[in-house]
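A.B. asks: Sharing a structure below in structure tokens format, with a few things to ask.
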Amino acid sequence: MRNLLIVLLTFLYTSVAQAQHADFSKMSPMLRQITLDYQGKAHRAPIHDTSEVCAFVRLNEEEEGLDILKSYGCRSLARFGQIHIASIPISSLASLSLHPAVNRIEARQGNTVHMDTTTVLMGGAKAHEGLSPLPQAFTGKGVVVGVQDIGFDLTHPNFYNNMLTDYRIRRFWDFLSTDTIGSELYVGADYTTEESIKNYAHSRDGLIIPHGTHTLGSAAGSGYNTPYRGMAPSSDICLVSNAVSDDVPLIDQADLYKYTYATDALGFKYIFDYAASRGMPCVISFSEGSPMDFRGDDVLYYEVLDSLTGPGRILVASAGNAGQQVTHIRKPAEINQTNIALLSDGKSVYFSVKGHTDHYSLLLHMNGPEGASAERTLTVQDLYMLSDTTFTDTLSVGEKPYYITATCYPSCFNSNENVMEVTVKTDTTLGLDYYVGMEVEGPGCEVEIFRGSGYIVPSDKSFGDNAYSIHSPSSAPSVISVGATGYRTGFTNYLGQYRSYDMGSHGERSDYSSVGPTYDERVKPDVMAPGTNVISSYSSYYLEAKPDARDILSDVEHFDFQGRTYAWNANSGTSMSTPVVAGAIALWLEAKPDLSPSDVMEIIKQTSRHYDPNLEYPNNLYGYGEIDAYAGLLHILGLSGVTGLSLSQPSSLTFSLSDNGKLKLTCEETNNRAVNISIYTTVGSLIKSFRKTLTSGTTDIDLSQLPHGIYAVQVNGSDARDTGSTLIRW
């Protein structure tokens, strides 16, 4: 009996030890932490047995991949060659990592919306301020504009056509919807009819977040008889409301890890699949992200994005709003030591340290109440000596605990460079009550520190800068990365108060806009667009639930529609510039539906405007420059080389075309002025030329005798404001 008991105890011990073993080298840090938490090895509470995580899994065995995943209780949600987006029971993570056919398992969280919040957000510009007025010939008709975001008001009149006869939101998937009975989607539910979308009314987080209502309006809003029309007001709309850090209070803790970058990729696929089912090209706007890393946490994510994008499938993402923060610190080789303060308005600071040799060390200082203190030294050599190169420790300073996690690995971009990744946490705000800092020591060694979260503040300010601040997935090669420019510096809100918010004028880069290069030294952002003081639609449900919210002070107008009060609101951030670029690309896709991401980049390269002509383009501040939707259309149609045709529109005139072929030129001034007008076909042939006197109000030109098609209209006047061209569709 005693021998049998020993055998049983030995078997149980061996089983537990095997269950807790994992190949951490195959896991991204989030999955490593989840595994440690589940096994009770970390300081946080263990995870529930039934929890799942949505992750990318790359398998060496392509044909047997599904069987391998099923054998561990996993579900393949989508497949891209040997990469699966899979739902993995957290209890199976460790054992799955040990399978020889599993090459890598990757998941990441931490998306935030890219809205500048350095002060009360202001406004005053049209949603496409600074760009040429929308070409009359192209409004996004026949193109799907997709927006993956949070905080949608699905009832705003901005999402009808301008006559309110066509509701343009065709599909809506809410990750957080509780209507999951019968849903075949991994999380939440989708709504596929006009009635069901209108009845649902707002994304589940629409009472606490208005962000998506604004970005959608900039990309595709009709304007509802206001100047605040989006870039592609005739496009079809497909929406996904995903989940970001602000949504955590709405998520059951057992389901928390279902919402990752891999789930976001399912959202992109949902939008592209809908467009494909309609036989329409598609551009997606995504105004979220988080910092890059050196471990390669986004390797599979980027490979999947490469697979999702292609001809007629374009993904646009915001560069980020870290341009006013210290995101990069460089200790030169000739300096023996530099001191850095660590602080956060949350509970943790995360950063990466890259050395060109391993002869450096970090000395962390933690202070506590009543003068208590402690410190811990970290070196590359010591971390590499650990079995999984991961160090965890808790320092109690007085009654204040500090939790340290550090790991070391070769950079995924250059295996000759070692990277130390460090997280410092506490139970309250970090560094704002008691000092937390570190000394970086390394005589003769150049060391660079890269901010992940929280704040890193060098004692010598000349060592810090805002470089390497582009967020992921905007940093992906196949994604169009968008930074923000400024035009208006103030506005009058709905209360009659003038509010000033100066982040640049005349197309200058807004200070908050993140700058490159990427961690692997590629130039980003790719392109710029107005992002400061942009006016667009705002959520009626948010206004109703939070009438005293700080950002309501940026509402420029309140109005009633079908018994509810809606708003037009000013906002700033690369969140606002990204949908402007997406909408412009929708116009280009209308002209040429098979444009690929590389085609779009070539148009951006050839036609973007340069704020500072003394800079070389592309560069890590402006990319190729500020997008010019109109010049891009002329380039696509082959009209940019037509002699006598301007590459911009006249600033004093607006154009509209009636159903009976009357082209109306509206002049903003009252004095009469003579202009010469020429009309060209899209092959550059001059078919009509005449002289007209512009009068106050509207001047009509009869085009009814021309064959139906697209034409370029050139206006030349003695006043430079009267000179330019526009496109019309008759």
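The values are calculated or read from the model by the stated rules, or taken from the named source; none is laboratory data. This structure is a prediction, so every number in the text was calculated from the model and none was measured. Methodologically, a virtual Cβ is constructed for each residue, glycine included, from the backbone with ideal geometry; neighbour enumeration extends over all protein chains shown. We work out accessible area using only protein heavy atoms, side chains counted, and drop any ligands, DNA or RNA first. Shrake-Rupley method; radii C 1.70, N 1.55, O 1.52, S 1.80 Å.
A.B. asks: For segment 551-569, indicate whether the set of residues that are within 19 Å of ASN321 (Cβ to Cβ), touching an Asp or Glu at 6+ places or on another chain (Cβ under 8 Å), of a type outside the set (A, V, I, L, M, F, W, C) and open to solvent by less than 10 Å² (accessible area, probe 1.4 Å) is non-empty.
C.D. replies: Taking segment 551-569 as the starting set, the residues that turn out to be within 19 Å of ASN321 (Cβ to Cβ) are 551, 554, 569.
Next cut, touching an Asp or Glu at 6+ places or on another chain (Cβ under 8 Å) only: 569.
Subsequent filtering for residues that are of a type outside the set (A, V, I, L, M, F, W, C) retains 569.
Adding the requirement that they be open to solvent by less than 10 Å² (accessible area, probe 1.4 Å) leaves 569.
So far as segment 551-569 goes, yes, one or more of its residues are within 19 Å of ASN321 (Cβ to Cβ), touching an Asp or Glu at 6+ places or on another chain (Cβ under 8 Å), of a type outside the set (A, V, I, L, M, F, W, C) and open to solvent by less than 10 Å² (accessible area, probe 1.4 Å).
A.B. asks: Of a type outside the set (Ser, Thr, Tyr) and in a loop (DSSP other than H, G, I, E, B), is that true of ASN321? Talk me through it step by step, then tell me what you get.
C.D. replies: Details: of a type outside the set (Ser, Thr, Tyr): yes; in a loop (DSSP other than H, G, I, E, B): yes.
Spelling it out, ASN321 is indeed of a type outside the set (Ser, Thr, Tyr) and in a loop (DSSP other than H, G, I, E, B).
A.B. asks: Within segment 258-293, which residues are in a helix (DSSP H, G or I), in contact (Cβ under 8 Å) with a residue 40 or more places away in the chain, open to solvent by 30 Å² or more (accessible area, probe 1.4 Å) and not basic (Lys, Arg)? Full working, then the answer.
C.D. replies: Of the residues in segment 258-293, the ones in a helix (DSSP H, G or I) are 258, 261-277.
Then keep just the ones that are in contact (Cβ under 8 Å) with a residue 40 or more places away in the chain; that gives 258, 261-272, 274-275.
Cutting the leftovers down to open to solvent by 30 Å² or more (accessible area, probe 1.4 Å) gives us 258, 269-270.
Residue satisfying the conditions is TYR270 alone.
A.B. asks: It is to be established whether one or more residues within segment 87-102 are surrounded by 19 or more Cβ atoms within 10 Å (Cβ to Cβ), at pLDDT below 95, hydrophobic (A, V, I, L, M, F, W, C) and in a loop (DSSP other than H, G, I, E, B).
C.D. replies: no
A.B. asks: Would you point out which residue out of TYR384, TYR434 is over 31 Å from the mean Cα position of the chain (by Cα), farther than 20 Å from THR357 by Cα and at pLDDT below 90? So that I can check it myself, show each step before the final result.
C.D. replies: Values: TYR384 fails: farther than 20 Å from THR357 by Cα.
Going through TYR384, TYR434 in turn, the sole match is TYR434.
A.B. asks: Moving to a separate point now. Identify, from the list LEU639, LEU621, LEU645, the residue that is open to solvent by 30 Å² or more (accessible area, probe 1.4 Å), part of a loop (DSSP other than H, G, I, E, B) and either under 30 Å from CYS238 (Cα atoms) or of a type in the set (A, V, I, L, M, F, W, C) (or both).
C.D. replies: Numbers: LEU639 fails: open to solvent by 30 Å² or more (accessible area, probe 1.4 Å); LEU645 fails: open to solvent by 30 Å² or more (accessible area, probe 1.4 Å).
Step by step, each of LEU639, LEU621, LEU645 is checked, and only LEU621 is open to solvent by 30 Å² or more (accessible area, probe 1.4 Å), part of a loop (DSSP other than H, G, I, E, B) and either under 30 Å from CYS238 (Cα atoms) or of a type in the set (A, V, I, L, M, F, W, C) (or both).
A.B. asks: Could you figure out which of (1) of a type in the set (Phe, Trp, Tyr); (2) surrounded by fewer than 20 Cβ atoms within 10 Å (Cβ to Cβ); (3) at pLDDT 90 or above; (4) assigned to a strand (DSSP E or B) isn't true of PHE351?
C.D. replies: PHE351 satisfies every listed condition except (2).
A.B. asks: Further question: Give segment 241-257 a look and list any residue that's touching a strand residue (DSSP E or B) at 6+ places or on another chain (Cβ under 9 Å) and open to solvent by 40 Å² or more (accessible area, probe 1.4 Å), or say none.
C.D. replies: Matches in segment 241-257: SER245, ASP246, ASP255.
A.B. asks: Another question, if that's okay. Looking at segment 652-681, which of the residues that are in a loop (DSSP other than H, G, I, E, B), farther than 22 Å from GLU590 by Cα and in contact with a strand residue (DSSP E or B) (Cβ under 7 Å, 6 or more places away or on another chain) is least open to solvent (accessible area, probe 1.4 Å)?
C.D. replies: Residues of segment 652-681 in a loop (DSSP other than H, G, I, E, B): 652, 658-661, 668-672.
Subset that is farther than 22 Å from GLU590 by Cα: 652, 660, 668-672.
After this cut, where a residue has to be in contact with a strand residue (DSSP E or B) (Cβ under 7 Å, 6 or more places away or on another chain) as well, the list is 652, 672.
Working: SER652: 4, ASN672: 105 Å².
Once the filter is applied, the top-ranked residue is SER652.
Okay, residues lined up against (1) open to solvent by 10 Å² or more (accessible area, probe 1.4 Å); (2) in a loop (DSSP other than H, G, I, E, B):
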residue	(1), (2)
GLY206	no, no
THR215	no, no
LEU239	no, no
ARG295	yes, yes
SER307	yes, no
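A.B. asks: Here are the criteria: (1) open to solvent by less than 30 Å² (accessible area, probe 1.4 Å); (2) aliphatic (A, V, I, L, M); (3) under 30 Å from SER514 (Cα atoms); (4) touching a strand residue (DSSP E or B) at 6+ places or on another chain (Cβ under 8 Å). Tell me which single one ILE603 does not satisfy.
C.D. replies: (4)
A.B. asks: Moving to a separate point now. So, of the residues in segment 597-618 that are among the charged types (D, E, K, R) and assigned to a helix (DSSP H, G or I), which turns out to be farthest from THR485 (Cα to Cα)? Please lay out each step first, then the result.
C.D. replies: Taking segment 597-618 first, the residues among the charged types (D, E, K, R) are 599, 602, 605, 609, 612, 616.
From what is left, the residues that are assigned to a helix (DSSP H, G or I) are 599, 602, 605.
Numbers: ASP599: 23, GLU602: 21, LYS605: 17 Å.
By that ranking, first place goes to ASP599.
A.B. asks: Can TYR711 be described as out of contact with any helix residue (DSSP H, G or I) (no Cβ under 8 Å at 6 or more places or on another chain), aromatic (Phe, Trp, Tyr), modelled with pLDDT of 85 or more and outside any strand (DSSP E or B)? Before the answer, list the steps.
C.D. replies: Working: out of contact with any helix residue (DSSP H, G or I) (no Cβ under 8 Å at 6 or more places or on another chain): yes; aromatic (Phe, Trp, Tyr): yes; modelled with pLDDT of 85 or more: yes; outside any strand (DSSP E or B): no.
So TYR711 does not fit the description; no.
A.B. asks: Restricting to segment 75-86, what's the tally of residues that are of a type outside the set (D, E, K, R), free of Cβ contacts under 8 Å to residues at least 60 places away in the same chain and either open to solvent by 50 Å² or more (accessible area, probe 1.4 Å) or more than 29 Å from ALA319 (Cα to Cα) (or both)?
C.D. replies: So the count comes out to 2.
A.B. asks: Scan (1) among the hydroxyl-bearing types (Ser, Thr, Tyr); (2) open to solvent by 20 Å² or more (accessible area, probe 1.4 Å); (3) part of a helix (DSSP H, G or I) for the single condition THR578 breaks and write down its number.
C.D. replies: For THR578, the failing item is (2).
A.B. asks: Checking ARG729 against (1) among the charged types (D, E, K, R); (2) over 27 Å from ILE603 (Cβ atoms); (3) open to solvent by 50 Å² or more (accessible area, probe 1.4 Å), only one condition comes out false. Which one?
C.D. replies: Looking at each condition in turn, ARG729 falls short on (2).
A.B. asks: Counting just the residues of segment 438-465 that are over 28 Å from the mean Cα position of the chain (by Cα) and closer than 18 Å to GLU375 by Cβ, which one comes out modelled with the lowest pLDDT?
C.D. replies: So, considering only residues that are over 28 Å from the mean Cα position of the chain (by Cα) and closer than 18 Å to GLU375 by Cβ, the one modelled with the lowest pLDDT is GLY442.
A.B. asks: Filtering segment 502-534 down to residues that are aliphatic (A, V, I, L, M) and open to solvent by 10 Å² or more (accessible area, probe 1.4 Å), which residue is modelled with the lowest pLDDT?
C.D. replies: As a first pass, look at segment 502-534 and keep what is aliphatic (A, V, I, L, M): 503, 515, 523, 527-529, 534.
Those left that are additionally open to solvent by 10 Å² or more (accessible area, probe 1.4 Å): 503, 523.
Working: MET503: 89, VAL523: 98.
Filtering first and then ranking leaves MET503.
A.B. asks: Looking only at segment 682-695, which residues are under 26 Å from THR139 (Cα atoms), open to solvent by 70 Å² or more (accessible area, probe 1.4 Å) and touching a strand residue (DSSP E or B) at 6+ places or on another chain (Cβ under 6 Å)?
C.D. replies: If the condition is that a residue be under 26 Å from THR139 (Cα atoms), open to solvent by 70 Å² or more (accessible area, probe 1.4 Å) and touching a strand residue (DSSP E or B) at 6+ places or on another chain (Cβ under 6 Å), then LEU686, ILE687, LYS688 are the ones that fit.
A.B. asks: Now for a separate question. Please go through segment 304-325 and pick out each residue that is modelled with pLDDT of 95 or more and more than 17 Å from the chain's Cα centre (by Cα).
C.D. replies: SER307, GLY310, PRO311, GLY312
A.B. asks: Something else about it: What are the pairs, 6+ residues apart or on separate chains, where a residue within segment 519-541 that is more than 23 Å from SER469 (Cα to Cα) and in contact (Cβ under 8 Å) with a residue 12 or more places away in the chain has its Cβ under 6 Å from a residue that is of a type in the set (Asp, Glu) and in a strand (DSSP E or B)?
C.D. replies: SER539/ASP153; SER540/ASP153; TYR541/ASP153
A.B. asks: Condition first: assigned to a strand (DSSP E or B), crowded, with 16+ Cβ neighbours inside 10 Å and more than 36 Å from the chain's Cα centre (by Cα). Now tell me which residues in segment 354-373 satisfy that.
C.D. replies: Scanning segment 354-373 gives a single hit, ASN367.
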